[in-house]
1. Testing GLN193 on (1) crowded, with 21+ Cβ neighbours inside 10 Å; (2) outside the structural domain of ARG34 (by TED's automatic domain parsing), one condition comes back false. Which one is that?
2. Of the conditions (1) in a loop (DSSP other than H, G, I, E, B); (2) surrounded by fewer than 19 Cβ atoms within 10 Å (Cβ to Cβ), SER285 satisfies every one except a single condition; which number is it?
3. Identify, by number, the condition in (1) loosely packed, with under 15 Cβ neighbours inside 10 Å; (2) modelled with pLDDT under 90; (3) part of a helix (DSSP H, G or I) that ASP372 doesn't meet.
4. Is it the case that some residue within region 112-128 is touching a strand residue (DSSP E or B) at 6+ places or on another chain (Cβ under 9 Å), under 23 Å from ARG40 (Cα atoms) and assigned to a helix (DSSP H, G or I)?
5. Being within 30 Å of GLY328 (Cβ to Cβ) and at pLDDT 90 or above, is that true of even one residue in region 207-214?
6. LEU164: modelled with pLDDT of 95 or more and under 24 Å from PRO57 (Cα atoms), yes or no?
7. On the basis of being modelled with pLDDT of 95 or more, buried (at least 17 other Cβ atoms within 10 Å of the Cβ), of a type outside the set (A, V, I, L, M, F, W, C) and within 30 Å of GLU22 (Cα to Cα), does GLY119 make the cut?
8. Kindly list the number of the only condition in (1) of a type outside the set (Val, Ile, Thr); (2) at pLDDT 95 or above; (3) within 23 Å of ALA30 (Cβ to Cβ) that fails for ASP383.
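The values are calculated or read from the model by the stated rules, or taken from the named source; none is laboratory data. Just so we're clear, the structure is a prediction, and the values are computed from it rather than from any experiment. Cβ atoms come from the backbone with ideal geometry, glycine included; neighbour counts cover every protein chain shown.
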Amino acid sequence: MPLPDAGVCGYNVGMHTWLLPEYIEDVLPAEAARLESYRRQLLDLFKVHGYQYVVPPMMEYVESLLTGTGHDLDIATFKVVDQLTGRLMGLRADTTPQAARIDAHMLNHQGVSRLCYAGTVLRTQPDGLARTREPLQMGAELYGHAGIESDIEVQRLMIKALQLLGLQTLFIDLSHAGIFASLSHHAQLGLSQEKALQTALQAKDLSRVKSLVTNLPEKSAQAFIALTQLNGNVEVLDQAREWLPDTPEIAQALRELAAVAAQLASAQVTVTFDLSELRGYHYHSGIVFAAYAKGFAGPIALGGRYDEVGAAFGRARPATGFSLDLRGALQALGPATLHKGILAPVDADPALQHVIATLRSQGQIVVQALPDMAIEMNELACDRQLVKLEGQWQVVAV
(Lines give C-alpha, C1' and ligand atoms only; values in the text may rest on other atoms or scores of the structure.)
Protein backbone atom coordinates (compact mmCIF):
# COMPACT_ATOMS: atom_id res chain seq x y z
CA MET A 1 0.00 0.00 0.00
CA PRO A 2 1.61 3.33 -1.03
CA LEU A 3 2.26 6.07 1.48
CA PRO A 4 -0.15 9.03 1.45
CA ASP A 5 0.91 12.01 -0.61
CA ALA A 6 3.10 14.39 1.44
CA GLY A 7 0.52 17.12 1.05
CA VAL A 8 -2.49 15.09 2.18
CA CYS A 9 -3.75 15.89 5.69
CA GLY A 10 -0.46 17.53 6.54
CA TYR A 11 1.42 14.22 6.30
CA ASN A 12 5.13 14.65 5.74
CA VAL A 13 7.54 11.71 5.63
CA GLY A 14 10.40 12.33 8.06
CA MET A 15 8.85 15.50 9.47
CA HIS A 16 10.02 16.12 13.06
CA THR A 17 11.48 12.61 13.36
CA TRP A 18 14.11 14.06 15.69
CA LEU A 19 11.56 15.20 18.27
CA LEU A 20 11.30 13.34 21.59
CA PRO A 21 8.12 12.88 23.67
CA GLU A 22 7.29 15.63 26.12
CA TYR A 23 9.38 15.58 29.32
CA ILE A 24 11.80 13.07 27.77
CA GLU A 25 15.21 14.35 26.73
CA ASP A 26 18.71 13.30 25.78
CA VAL A 27 21.51 13.66 28.31
CA LEU A 28 24.36 15.39 26.50
CA PRO A 29 28.07 14.81 27.16
CA ALA A 30 28.74 17.31 29.96
CA GLU A 31 25.68 16.28 31.97
CA ALA A 32 26.15 12.59 31.19
CA ALA A 33 29.74 12.71 32.44
CA ARG A 34 28.67 14.40 35.66
CA LEU A 35 25.82 11.92 36.17
CA GLU A 36 28.09 8.92 35.69
CA SER A 37 30.79 10.34 37.96
CA TYR A 38 28.37 10.89 40.85
CA ARG A 39 26.56 7.60 40.21
CA ARG A 40 29.85 5.77 40.74
CA GLN A 41 30.73 7.81 43.81
CA LEU A 42 27.33 7.20 45.40
CA LEU A 43 27.46 3.46 44.71
CA ASP A 44 30.92 3.38 46.28
CA LEU A 45 29.52 5.22 49.31
CA PHE A 46 26.70 2.68 49.62
CA LYS A 47 29.17 -0.18 49.17
CA VAL A 48 31.43 0.82 52.07
CA HIS A 49 28.33 0.98 54.30
CA GLY A 50 27.49 -2.63 53.42
CA TYR A 51 24.78 -2.03 50.81
CA GLN A 52 24.92 -4.57 47.98
CA TYR A 53 24.19 -3.42 44.44
CA VAL A 54 21.26 -4.98 42.55
CA VAL A 55 20.00 -4.34 39.01
CA PRO A 56 16.29 -5.20 38.73
CA PRO A 57 14.67 -5.43 35.28
CA MET A 58 13.09 -2.39 33.68
CA MET A 59 9.88 -4.34 33.07
CA GLU A 60 7.86 -6.75 35.22
CA TYR A 61 4.32 -8.02 35.51
CA VAL A 62 2.22 -5.26 37.04
CA GLU A 63 1.17 -7.43 39.99
CA SER A 64 4.77 -7.51 41.14
CA LEU A 65 5.46 -3.83 40.51
CA LEU A 66 2.34 -2.43 42.13
CA THR A 67 1.46 -4.81 44.98
CA GLY A 68 1.28 -2.93 48.25
CA THR A 69 2.39 0.40 46.77
CA GLY A 70 -0.94 2.18 46.57
CA HIS A 71 -2.91 4.02 43.90
CA ASP A 72 -0.34 6.75 43.13
CA LEU A 73 2.25 4.36 41.72
CA ASP A 74 -0.41 2.61 39.63
CA ILE A 75 -1.24 5.91 37.92
CA ALA A 76 2.46 6.67 37.39
CA THR A 77 3.23 3.33 35.71
CA PHE A 78 3.33 2.79 31.93
CA LYS A 79 1.67 -0.52 31.03
CA VAL A 80 2.10 -2.78 28.00
CA VAL A 81 0.86 -6.23 26.98
CA ASP A 82 3.44 -9.02 26.96
CA GLN A 83 3.38 -10.50 23.44
CA LEU A 84 4.65 -13.85 24.80
CA THR A 85 2.05 -14.45 27.51
CA GLY A 86 -0.71 -11.89 26.96
CA ARG A 87 -0.26 -10.67 30.54
CA LEU A 88 -0.08 -7.02 31.49
CA MET A 89 3.41 -5.72 32.19
CA GLY A 90 4.61 -2.43 33.61
CA LEU A 91 7.69 -0.27 33.14
CA ARG A 92 8.98 0.45 36.63
CA ALA A 93 8.11 3.86 38.04
CA ASP A 94 9.92 3.12 41.33
CA THR A 95 12.68 0.63 42.11
CA THR A 96 11.83 0.16 45.80
CA PRO A 97 9.13 -2.52 45.25
CA GLN A 98 11.60 -4.45 43.08
CA ALA A 99 14.23 -4.33 45.81
CA ALA A 100 11.62 -5.60 48.28
CA ARG A 101 10.81 -8.49 45.92
CA ILE A 102 14.50 -9.37 45.61
CA ASP A 103 14.95 -9.37 49.38
CA ALA A 104 11.81 -11.38 50.10
CA HIS A 105 11.87 -13.89 47.26
CA MET A 106 15.30 -14.04 45.62
CA LEU A 107 17.81 -13.61 48.46
CA ASN A 108 15.68 -15.02 51.29
CA HIS A 109 18.14 -13.85 53.95
CA GLN A 110 17.22 -14.62 57.54
CA GLY A 111 18.98 -11.61 59.00
CA VAL A 112 19.46 -8.02 57.85
CA SER A 113 19.81 -7.28 54.13
CA ARG A 114 21.16 -4.04 52.73
CA LEU A 115 20.53 -3.38 49.04
CA CYS A 116 21.17 -0.40 46.77
CA TYR A 117 20.32 0.40 43.16
CA ALA A 118 20.86 2.99 40.42
CA GLY A 119 18.81 3.09 37.24
CA THR A 120 16.26 4.86 35.12
CA VAL A 121 12.59 4.72 36.03
CA LEU A 122 9.73 5.79 33.74
CA ARG A 123 6.65 7.74 34.83
CA THR A 124 3.49 8.71 33.02
CA GLN A 125 3.65 12.26 34.36
CA PRO A 126 6.66 14.52 34.97
CA ASP A 127 7.64 15.11 38.57
CA GLY A 128 10.59 15.83 40.82
CA LEU A 129 13.17 18.58 40.59
CA ALA A 130 13.95 17.91 36.92
CA ARG A 131 10.28 17.76 35.84
CA THR A 132 11.05 14.67 33.81
CA ARG A 133 9.29 11.39 33.08
CA GLU A 134 12.63 9.57 33.10
CA PRO A 135 14.39 10.13 36.46
CA LEU A 136 17.69 8.44 37.29
CA GLN A 137 16.73 6.91 40.62
CA MET A 138 19.31 5.90 43.20
CA GLY A 139 18.49 4.47 46.58
CA ALA A 140 19.36 2.24 49.50
CA GLU A 141 17.05 -0.12 51.38
CA LEU A 142 17.52 -1.98 54.68
CA TYR A 143 15.46 -5.12 55.41
CA GLY A 144 15.04 -7.28 58.47
CA HIS A 145 15.26 -4.76 61.33
CA ALA A 146 12.27 -3.03 62.91
CA GLY A 147 13.96 -0.63 65.34
CA ILE A 148 14.65 3.06 64.87
CA GLU A 149 18.37 2.25 64.65
CA SER A 150 17.81 1.19 61.03
CA ASP A 151 15.75 4.33 60.34
CA ILE A 152 18.65 6.39 61.66
CA GLU A 153 21.16 4.40 59.59
CA VAL A 154 19.41 5.03 56.26
CA GLN A 155 18.80 8.69 57.10
CA ARG A 156 22.47 9.20 57.95
CA LEU A 157 23.40 7.47 54.68
CA MET A 158 21.03 9.73 52.77
CA ILE A 159 22.62 12.79 54.39
CA LYS A 160 26.11 11.59 53.45
CA ALA A 161 24.94 11.00 49.87
CA LEU A 162 23.55 14.52 49.56
CA GLN A 163 26.66 16.02 51.13
CA LEU A 164 28.74 14.10 48.60
CA LEU A 165 26.80 15.91 45.87
CA GLY A 166 27.90 19.21 47.40
CA LEU A 167 24.73 20.01 49.35
CA GLN A 168 25.83 21.24 52.76
CA THR A 169 22.82 23.17 54.12
CA LEU A 170 20.30 20.36 54.55
CA PHE A 171 16.89 20.20 56.21
CA ILE A 172 15.37 16.84 57.16
CA ASP A 173 11.59 16.88 57.57
CA LEU A 174 10.14 14.03 59.66
CA SER A 175 6.67 12.59 60.05
CA HIS A 176 5.14 9.26 61.10
CA ALA A 177 2.43 7.26 59.32
CA GLY A 178 1.37 5.71 62.64
CA ILE A 179 -0.14 8.98 63.92
CA PHE A 180 -2.76 9.33 61.19
CA ALA A 181 -3.37 5.57 61.23
CA SER A 182 -4.13 5.67 64.96
CA LEU A 183 -6.45 8.66 64.62
CA SER A 184 -8.28 6.99 61.72
CA HIS A 185 -8.68 3.74 63.64
CA HIS A 186 -10.06 5.35 66.78
CA ALA A 187 -12.39 7.60 64.74
CA GLN A 188 -13.60 4.49 62.85
CA LEU A 189 -13.26 6.20 59.49
CA GLY A 190 -14.55 4.56 56.35
CA LEU A 191 -12.14 4.08 53.46
CA SER A 192 -13.53 6.98 51.43
CA GLN A 193 -13.43 9.41 54.35
CA GLU A 194 -9.94 8.28 55.33
CA LYS A 195 -8.66 8.82 51.78
CA ALA A 196 -10.34 12.22 51.54
CA LEU A 197 -8.81 13.32 54.85
CA GLN A 198 -5.41 12.02 53.82
CA THR A 199 -5.58 14.03 50.59
CA ALA A 200 -6.74 17.19 52.37
CA LEU A 201 -4.02 16.94 55.02
CA GLN A 202 -1.35 16.30 52.40
CA ALA A 203 -2.53 19.44 50.59
CA LYS A 204 -2.56 21.41 53.88
CA ASP A 205 -6.18 22.33 53.11
CA LEU A 206 -7.51 23.33 56.54
CA SER A 207 -10.99 24.30 55.35
CA ARG A 208 -11.40 20.96 53.61
CA VAL A 209 -10.21 19.07 56.71
CA LYS A 210 -12.75 20.93 58.85
CA SER A 211 -15.57 20.07 56.47
CA LEU A 212 -14.60 16.38 56.42
CA VAL A 213 -14.61 15.96 60.23
CA THR A 214 -17.92 17.63 61.04
CA ASN A 215 -19.59 14.24 61.66
CA LEU A 216 -16.83 12.95 63.98
CA PRO A 217 -16.69 13.08 67.78
CA GLU A 218 -15.22 16.39 68.94
CA LYS A 219 -11.91 14.93 70.19
CA SER A 220 -11.28 13.13 66.91
CA ALA A 221 -12.27 16.15 64.84
CA GLN A 222 -9.95 18.43 66.82
CA ALA A 223 -7.09 15.95 66.48
CA PHE A 224 -7.32 15.90 62.68
CA ILE A 225 -7.52 19.68 62.58
CA ALA A 226 -4.49 19.89 64.90
CA LEU A 227 -2.40 17.88 62.43
CA THR A 228 -2.53 20.79 59.99
CA GLN A 229 -0.79 23.00 62.57
CA LEU A 230 1.77 20.53 63.88
CA ASN A 231 4.75 21.55 61.80
CA GLY A 232 7.99 23.23 62.84
CA ASN A 233 10.91 22.49 65.14
CA VAL A 234 11.18 19.95 67.96
CA GLU A 235 8.62 21.86 70.06
CA VAL A 236 6.00 20.42 67.70
CA LEU A 237 6.36 17.07 69.48
CA ASP A 238 5.43 18.64 72.83
CA GLN A 239 2.42 20.29 71.19
CA ALA A 240 1.43 16.96 69.67
CA ARG A 241 1.48 15.28 73.09
CA GLU A 242 -0.84 18.01 74.34
CA TRP A 243 -3.23 18.22 71.38
CA LEU A 244 -3.48 14.61 70.19
CA PRO A 245 -5.13 11.65 71.95
CA ASP A 246 -2.84 9.74 74.28
CA THR A 247 -3.02 6.41 72.44
CA PRO A 248 -0.15 3.90 72.69
CA GLU A 249 0.44 4.16 68.93
CA ILE A 250 0.72 7.96 68.93
CA ALA A 251 2.89 7.98 72.06
CA GLN A 252 5.24 5.45 70.45
CA ALA A 253 5.37 7.42 67.20
CA LEU A 254 6.29 10.64 69.03
CA ARG A 255 9.00 8.83 71.01
CA GLU A 256 10.49 7.47 67.79
CA LEU A 257 10.46 10.89 66.14
CA ALA A 258 12.17 12.47 69.15
CA ALA A 259 14.83 9.74 69.26
CA VAL A 260 15.62 10.04 65.55
CA ALA A 261 15.82 13.83 65.75
CA ALA A 262 18.25 13.61 68.66
CA GLN A 263 20.51 11.23 66.70
CA LEU A 264 20.51 13.43 63.60
CA ALA A 265 21.58 16.47 65.60
CA SER A 266 25.22 15.47 65.10
CA ALA A 267 24.83 15.09 61.33
CA GLN A 268 25.03 18.84 60.64
CA VAL A 269 21.45 19.11 59.41
CA THR A 270 18.38 21.01 60.57
CA VAL A 271 15.55 18.69 61.65
CA THR A 272 11.93 19.80 61.31
CA PHE A 273 8.57 18.05 61.67
CA ASP A 274 5.35 18.03 59.66
CA LEU A 275 2.85 15.62 61.19
CA SER A 276 0.33 16.18 58.38
CA GLU A 277 2.83 14.85 55.82
CA LEU A 278 1.10 11.69 54.58
CA ARG A 279 2.95 11.00 51.34
CA GLY A 280 2.49 7.33 50.46
CA TYR A 281 0.33 6.76 53.55
CA HIS A 282 -0.94 3.32 52.45
CA TYR A 283 2.61 2.36 51.54
CA HIS A 284 4.52 3.57 54.59
CA SER A 285 4.12 2.12 58.07
CA GLY A 286 6.37 4.23 60.33
CA ILE A 287 8.72 7.18 60.15
CA VAL A 288 8.76 9.00 56.80
CA PHE A 289 11.25 11.68 55.87
CA ALA A 290 12.21 14.13 53.15
CA ALA A 291 15.44 16.04 52.57
CA TYR A 292 15.48 19.66 51.43
CA ALA A 293 18.30 22.09 50.71
CA LYS A 294 18.54 25.85 50.53
CA GLY A 295 17.73 27.09 47.03
CA PHE A 296 15.90 23.92 45.95
CA ALA A 297 12.21 24.15 45.12
CA GLY A 298 11.24 20.69 46.37
CA PRO A 299 12.49 17.59 48.18
CA ILE A 300 15.80 16.18 46.96
CA ALA A 301 15.40 12.76 48.56
CA LEU A 302 12.47 10.86 50.07
CA GLY A 303 12.23 7.82 52.28
CA GLY A 304 10.56 6.01 55.12
CA ARG A 305 9.58 2.73 56.69
CA TYR A 306 7.42 0.26 54.72
CA ASP A 307 7.22 -2.94 56.73
CA GLU A 308 4.28 -4.58 54.91
CA VAL A 309 5.35 -4.44 51.26
CA GLY A 310 7.27 -7.72 51.36
CA ALA A 311 4.13 -9.59 52.43
CA ALA A 312 2.94 -9.53 48.82
CA PHE A 313 5.99 -11.62 47.91
CA GLY A 314 5.31 -14.17 50.62
CA ARG A 315 7.55 -12.70 53.30
CA ALA A 316 6.69 -9.63 55.36
CA ARG A 317 9.97 -8.04 56.47
CA PRO A 318 10.64 -4.81 58.35
CA ALA A 319 12.02 -2.35 55.80
CA THR A 320 13.21 1.22 55.54
CA GLY A 321 15.08 3.13 52.86
CA PHE A 322 15.40 6.24 50.74
CA SER A 323 15.73 7.24 47.10
CA LEU A 324 16.68 10.32 45.12
CA ASP A 325 16.56 11.43 41.52
CA LEU A 326 20.24 11.99 40.76
CA ARG A 327 19.51 13.78 37.52
CA GLY A 328 17.14 16.22 39.19
CA ALA A 329 19.47 16.89 42.10
CA LEU A 330 22.40 17.67 39.80
CA GLN A 331 20.35 19.84 37.44
CA ALA A 332 19.20 21.91 40.38
CA LEU A 333 22.86 22.52 41.29
CA GLY A 334 23.44 24.26 37.98
CA PRO A 335 24.74 23.42 34.50
CA ALA A 336 27.47 20.84 34.12
CA THR A 337 30.82 21.69 32.55
CA LEU A 338 32.68 19.25 30.34
CA HIS A 339 36.13 18.20 31.50
CA LYS A 340 38.70 19.40 29.01
CA GLY A 341 41.22 17.07 27.42
CA ILE A 342 44.60 17.12 25.69
CA LEU A 343 44.91 16.98 21.91
CA ALA A 344 47.63 14.68 20.62
CA PRO A 345 48.88 14.95 17.03
CA VAL A 346 48.85 12.26 14.36
CA ASP A 347 52.27 10.72 14.85
CA ALA A 348 53.49 7.15 15.12
CA ASP A 349 56.41 8.15 17.34
CA PRO A 350 56.70 5.46 20.07
CA ALA A 351 57.71 8.17 22.56
CA LEU A 352 54.43 10.01 21.85
CA GLN A 353 52.40 6.82 22.27
CA HIS A 354 54.14 6.17 25.61
CA VAL A 355 53.30 9.70 26.85
CA ILE A 356 49.66 9.30 25.74
CA ALA A 357 49.37 5.94 27.55
CA THR A 358 50.90 7.43 30.71
CA LEU A 359 48.54 10.42 30.70
CA ARG A 360 45.50 8.18 30.21
CA SER A 361 46.61 5.87 33.04
CA GLN A 362 46.59 8.97 35.27
CA GLY A 363 42.97 9.70 34.34
CA GLN A 364 43.75 12.44 31.80
CA ILE A 365 41.60 12.72 28.67
CA VAL A 366 43.78 12.48 25.57
CA VAL A 367 42.14 12.84 22.14
CA GLN A 368 44.30 11.82 19.21
CA ALA A 369 43.79 13.81 16.04
CA LEU A 370 42.79 12.01 12.83
CA PRO A 371 44.46 12.69 9.50
CA ASP A 372 42.90 15.09 6.99
CA MET A 373 40.39 16.40 9.55
CA ALA A 374 39.94 20.02 10.56
CA ILE A 375 40.86 20.50 14.20
CA GLU A 376 38.24 22.34 16.26
CA MET A 377 39.56 22.47 19.80
CA ASN A 378 36.19 23.49 21.21
CA GLU A 379 34.34 20.64 19.52
CA LEU A 380 37.00 18.21 20.67
CA ALA A 381 36.68 19.63 24.21
CA CYS A 382 40.45 20.15 24.49
CA ASP A 383 42.25 23.08 26.10
CA ARG A 384 45.81 21.65 25.95
CA GLN A 385 47.88 19.85 23.39
CA LEU A 386 50.93 17.64 23.16
CA VAL A 387 53.80 19.25 21.29
CA LYS A 388 57.42 18.23 20.81
CA LEU A 389 59.77 20.72 22.45
CA GLU A 390 63.51 20.17 22.47
CA GLY A 391 63.00 16.53 21.54
CA GLN A 392 60.46 15.82 24.34
CA TRP A 393 56.65 15.50 24.11
CA GLN A 394 55.13 18.05 26.50
CA VAL A 395 51.63 19.23 27.42
CA VAL A 396 51.11 22.92 26.75
CA ALA A 397 48.07 25.17 27.03
CA VAL A 398 46.33 26.11 23.82
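1. Among (1) crowded, with 21+ Cβ neighbours inside 10 Å; (2) outside the structural domain of ARG34 (by TED's automatic domain parsing), the lone unmet condition for GLN193 is (1).
2. Among (1) in a loop (DSSP other than H, G, I, E, B); (2) surrounded by fewer than 19 Cβ atoms within 10 Å (Cβ to Cβ), the lone unmet condition for SER285 is (2).
3. For ASP372, the failing item is (3).
4. Scanning region 112-128, I find no residue that is touching a strand residue (DSSP E or B) at 6+ places or on another chain (Cβ under 9 Å), under 23 Å from ARG40 (Cα atoms) and assigned to a helix (DSSP H, G or I), so the answer is no.
5. yes
6. No.
7. Numbers: modelled with pLDDT of 95 or more: yes; buried (at least 17 other Cβ atoms within 10 Å of the Cβ): yes; of a type outside the set (A, V, I, L, M, F, W, C): yes; within 30 Å of GLU22 (Cα to Cα): yes.
Answer is yes for this residue.
8. Here ASP383 meets the rest and fails (2).
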